[in-house]
Each structure stands twice: as structure tokens, then as C-alpha cells.
Amino acid sequence: MAEPALEFESYLTAIIESSEDAIISADAQGRIQSWNPAAVRMFGYAPGEVIGKPATWFIPSERRAEEEALLNRIRSGERIENYEAQRLRKDGTLVEVSVSMSAIKSFAGGIVGASMILRDITQAKRMENADSLLAAIVESSDDAIVSKNLDGFITSWNQGAVRMFGYLPEEVIGKSILLLIPAELHQEEARILSQLRAGKRIEHYETTRVRKDGSLVDVSLTISPVRNAKGQIIGASKIARDVSQRKRSEEALRRAEKLALAGRMAATVAHEINNPLAAITNLVYLLGRDPSLSAENRRRVEIIEQELERVSSIARQTLGFYRDNSKPSEFRLAASIDETLKLFDRRMLSRKIKVIKEIKTDGILYGFQGELRQVLANVLANAIDACSEGGQIRVRLEAGHRWNNECKAGVRLIIADNGCGIEPELKSKLFEPFFTTKKEVGTGLGLWLVSSLIAKHGGSIQVRSSAHSGRHGTVFSIFLPLQHMVGNQAA
Ligand code: ADP
Ligand code: MG
């Protein structure tokens, strides 16, 4: 009668011996009774080294109490499955295991010991960590990373996508990707999907997408097919990079090139005009002093002189691009203000514009006087243009300071007018080259030149303006430091 039982026992033994999992049994006192070959492989101990030792002894000491509590639950008849734990190998390294434990009962029903099955989950853990690492990389990416299925419905949405497009994951997951594509580009999606179905990857495809608020964003897309374990294409992952900034700098570069060209041309024209202009001015002066001139012709010559003065001042102010080839020197800004204001005397007089001058400091600066005179002239010219007849311009020079990282001593020059003012939406464009509201008569280069000349002298310029019908006017506030490196020379 013992035959079938024996057969069954050897059958069980064979399973235990050939198992990939470590199978260990312990007696009622918790001492190890058996230790299969998988346990030898997993932990490095031979059966002879462990049998008779407490089942808890190869648990890392800080976790031992926790597992002893588990053993007590086994004693009360509970089964524990897939409990994640760690065990110490003979060489001192740790192995991640999943433990299942149950009580071994006698025929009479009493608990005579416990069986433990331990599965090495180090690899699985590593994969899990790799997955969460990947997930963390995706989440922290600056690029928008989005996946969709082959019908074009969004299946995942990272933080980069939230930042780029303004939608939260719950607002877009399950919706069509067309949500992000401007209507006029919808046919693009069909083409992308058919390429993906054919297993093709799309790289650095530059296009435009729409944000939640309706604004457009220039993106570079890389789209790759996503396959399941069987290799079938089940969807696509898209990485979108915001290239608006790059596009903008390309645009700025183009503009700078255009500008450099315009600048060179203007300087050449100014130079070519100035010489004949000087000759004409001299000749007309001599002509005007000819005593044989009739009264009528003398008046004509006077008009010619006035118009000539206008032409030269236009050449000075707009075409001038003041090419100051001299070396930087020390000069009084207060004196430059007087000289520059004089240039505008006639224009202001004819338009009954009043100037209030408040000079509180000499403003001894070191730099290119001609260039700073150009700054003054351009800002003043704008103020005059903005004023209606009877307007008022205030020019104030005072000692000033500016704090960046350190306190810098300098002068503050304020030029304020009660002219038409600047609409708030135009403020950001003022210093851009070619921005003008003056149609044919404006070049839009005045303030652009001003800002570059001030920057060259280490200064800064701010503008406040109001275009309200009640209180309108504009204040330009320019700070120029006393100490600054101009060119290669220390100030
Ligand atoms: P331009 O004078 O040739 O138009 P600027 O670069 O000097 O070019 O000025 C650009 C624009 O800034 C002007 O067209 C004008 O709209 C605005 N602006 C500048 N200064 C003033 C001011 N004091 N009051 C009102 N608008 C101003
Ligand atoms: Mg101007």
C-alpha cells in the first residue's frame, strides 16, 4: 500500500529539485529543514550550511522583525503570497525575491512547519526601474512627447506637451490628434498615418501646431511607429520640439543682415551727399552776399539756404548713422544737450513748442560725444514730431545710479513730451529697426540707433507713455554710467 505514496513523494521531490524557484521548508520552530538546488543557485549556500539554522537568518537584519511577524501569521494558518522581500546571498550581496509562504500541516491538522517559495525578481525589478526611469525621462523632457493609436487618438501626454500646448492630459487623452493641427493642415495627418502604417519613421518634420488658446507654435516633429510584442504597429509616438525661438532668431538674423546692408548704404549715401551739400551751402552763402542781387533774388537765396539746412539736418539725423571715427574722450553731456537743442531751435519755434531745460549736473562722461549727440537728436526729433502746436518738451539731466549686481554711478537724462503718446501694443516694437508710424517720412531707424548707441556706452533706456486723450505724453529715461569700457579703452 505504500507504493503509490512513495511514487507521489518522488514525483514531488522531482518537482522541487527541478524548480527554478528556491523552495525551502522549515519546522515548527522555524528551523530550515530542506533547501533545493534552486536555493543553492540563488543564495550560494549548500544545504549542509543552512539546514538547522533559523529560516530568518538570511534576511537582512533591518527587515527581520517584519518577516518574523509574517511567520507568526503563517503559524496562525494564513498563507502569504508574492510578498516582496530581500535575502542575503552567501557573498553578502542582496537578492530581490518574491516570497510565498504557507503552513505545513500534519494529518491531524496541527502545524508542523512552513514551506517557502522564493522567486528571484531582481531582473523584473530592474525592468520595472528601467520603465519608471523611462517614464521619468519622458515626464521631465522639455519636448512634448505624445503617443497616439493608428486611428489618430491620443493615448499619452507628458508634461512637456502640457507646457507646449496648454492642455492637461485628461483634456486630450482619447481625443483626436487633429485637435492640435491647424485646420488647413488636416490633410497632413492622413499622410503621416499612412507612412506610419507602412512602418516609416518621420524625422525633423517642421510644421505648425495649435495651442489650446488658439495660438500657433512652430514645431519640429519626429514620429515613430510603436509596435507590440508581436511586432505589429499599434500606434505612434511623437516628439514635438518648439522651434519658434529658433525661427525667431533666424528672422532676427535676416533682419540684422538687411539692416547691416541698409546701414552701409545709408552711410555711403550720407557721405556722398554731404560733400556736394557742403559745396552747395558755401556757394549759396557767397551768392547771397553778392551786392548786385535784386531784392527778389536775395529772398529766393534765403529760401534756398533754409531748405539746404533742412536737407543737411535730414542727412545728419536719419542718414547720418553718425560715424564717429574719433577716439572716445571726456566731454560734458550738458554741453551736448545745448548744442543739440540749438539744431532744433527753428523747428520748435515754427511749431511753438516750448522747451524746459533742467540741468542738475554737468554730466562729465567718457565716450563718443558725436554718438551721444545723435542719441539726443533722435529722441528730441521724435518728441517734436509727437507734439502738436504749442506742445512742451522737458529735458532734464541729473546724477543717477543704477543697480544691477553692483551700484553704478552715472547720469540720468530724461526727455519728456506732452505729445500724442504711444499705444501700449506698439511699445515693444519701438526699438526695432524700420518700425515707424510716420509712413513716408519716418525711417524707423531713430530709436533703433539710439538703443544700440546707448548699449555701446553701457547705458540703458526706458520709456513710459500714455496715449489717453486726457493725459498723453511720453517720457524717455536714459541712464549712462560714468565708468564704462568704450571700445578697447577703460573709461
Ligand atoms: P521714426 O521717427 O523714423 O518713425 P523712430 O525709431 O525714431 O523712427 O521711432 C519709431 C516710432 O516710435 C515712431 O514712428 C513713433 O511711432 C514712436 N515714437 C518714438 N518716440 C515717440 C514720442 N516721443 N512720442 C510718440 N511716439 C513716439
Ligand atoms: Mg525718429
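The values are calculated or read from the model by the stated rules, or taken from the named source; none is laboratory data. Because the structure is a prediction, the values reported are computed rather than measured. For neighbour counting, all protein chains shown are included, and Cβ atoms are generated from backbone atoms with ideal geometry for every residue, glycine included. Just the protein is used for accessible areas: all its heavy atoms, side chains included, with ligands, DNA and RNA removed. Shrake-Rupley method; radii C 1.70, N 1.55, O 1.52, S 1.80 Å.
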| field | Per-residue HN-Hα couplings for the stretch 77-93 [Karplus 6.51, -1.76, 1.60; θ = phi - 60°; Hz; x = Gly/Pro] | value | x, 6, 10, 10, 10, 6, 8, 7, 8, 10, 10, 8, 7, 4, 7, x, 7
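Any idea what diffusion coefficient the stretch 137-275 gets from Stokes-Einstein, in µm²/s, Kirkwood Rh on alpha carbon pairs, 10 °C, 1.306 mPa s?
My calculation gives 93 µm²/s for D.
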| note | Amide H proximity to VAL411 below 5 Å, modelled H, separation 5+ or other chain, gives GLY400, LEU480, LEU482
| request: List, in order, the whole-Hz ³J(HN,Hα) value for each residue of the stretch 457-463 obtained from phi through the Karplus relation with A = 6.51, B = -1.76, C = 1.60 and θ = phi - 60°; use x for Gly and Pro. | output: 8, x, x, 8, 9, 10, 9
| said: In whole percent, and with a 1.4 Å probe on the protein chains, what portion of the accessible area of the stretch 401-476 is carbon and sulfur? | reply: 53
| query | Over the Cα atoms of the stretch 1-144, how large are the radius of gyration and the largest Cα-Cα distance (Dmax), in Å? | reply | 18.5, 74
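Take each of the peptides 387-393, 132-138, 144-150, average the number of other beta-carbon atoms within 10 Å over its residues, and list them starting from the highest.
Result, highest mean Cβ count within 10 Å first: 144-150, 387-393, 132-138.
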| Once the convex hull of the C-alpha atoms of the chain is built, how many Å³ does it hold per residue, rounded to a whole number? | 301
| remark: By the Kirkwood definition, with r running over pairs of different Cα atoms, the stretch 388-491 has a hydrodynamic radius in Å of 15.2
| For the stretch 2-128, which whole-number percentage of the solvent-accessible area (1.4 Å probe, protein heavy atoms only) is attributable to carbon and sulfur atoms? | 55
| field | Added length on full extension, which subtracts the Cα-Cα distance from 0.36 nm per residue, ILE303 to THR361 | value | 17.0 nm
| said: Under 5 Å between amide hydrogens, which residues at least 5 positions from ASN36 or on another chain qualify, with H placed 1.01 Å from N in the peptide plane? | reply: ILE23
| Average accessible surface area per residue within the chain, 1.4 Å rolling probe, Å² | 58
| task | Find the relative contact order for the chain and round it to a whole percent, using C-alpha pairs within less than 8 Å whose residues are 6+ positions apart. | result | 7
| message | Defining a contact as two alpha carbons under 8 Å apart and six or more residues distant in sequence, what relative contact order in percent does the stretch 114-163 show? | response | 28
| query | LYS53's amide H: which non-local residues (gap 5+, or another chain) put their own amide H closer than 5 Å, with H modeled 1.01 Å from N in plane and none for Pro or chain starts? | reply | ILE32
| Carbon plus sulfur fraction of accessible area for the stretch 129-225, probe 1.4 Å, in percent | 57
| Taking R0 as 30 Å, what's the FRET efficiency between ARG464 and VAL269 from their Cβ-Cβ distance, rounded to 0.05? | 0.30
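For the chain, what does -39500 (n - 2.57) per DSSP helix run (n ≥ 4), summed and divided by total residues, give at 222 nm, in deg cm²/dmol to the nearest 500?
Using -39500 (n - 2.57) per qualifying helix, the result is -13000 deg cm²/dmol.
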| Past the 19 Å Cα-Cα mark, which pairs from LYS212/LYS427; LYS148/LYS200; LYS200/LYS230; LYS125/LYS230; LYS148/LYS247? | LYS212/LYS427; LYS125/LYS230; LYS148/LYS247
| Given R₀ = 35 Å, FRET efficiency for ASP27-ALA135 by Cβ-Cβ distance, to 0.05? | 0.20
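Over the stretch 1-114, what is the mean sequence separation of C-alpha contacts under 8 Å (at least six apart), divided by residue count, expressed as relative contact order in percent?
Relative contact order comes out at 21 percent.
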| task | Would you mind putting 49-62, 372-385 in packing order, based on average other-beta-carbon counts within 10 Å, highest first? | result | 372-385, 49-62
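Starting from the Cα-Cα distance between ILE280 and VAL311, subtract it from 0.36 nm times their residue separation and give me the gain in nm to one decimal.
10.0 nm
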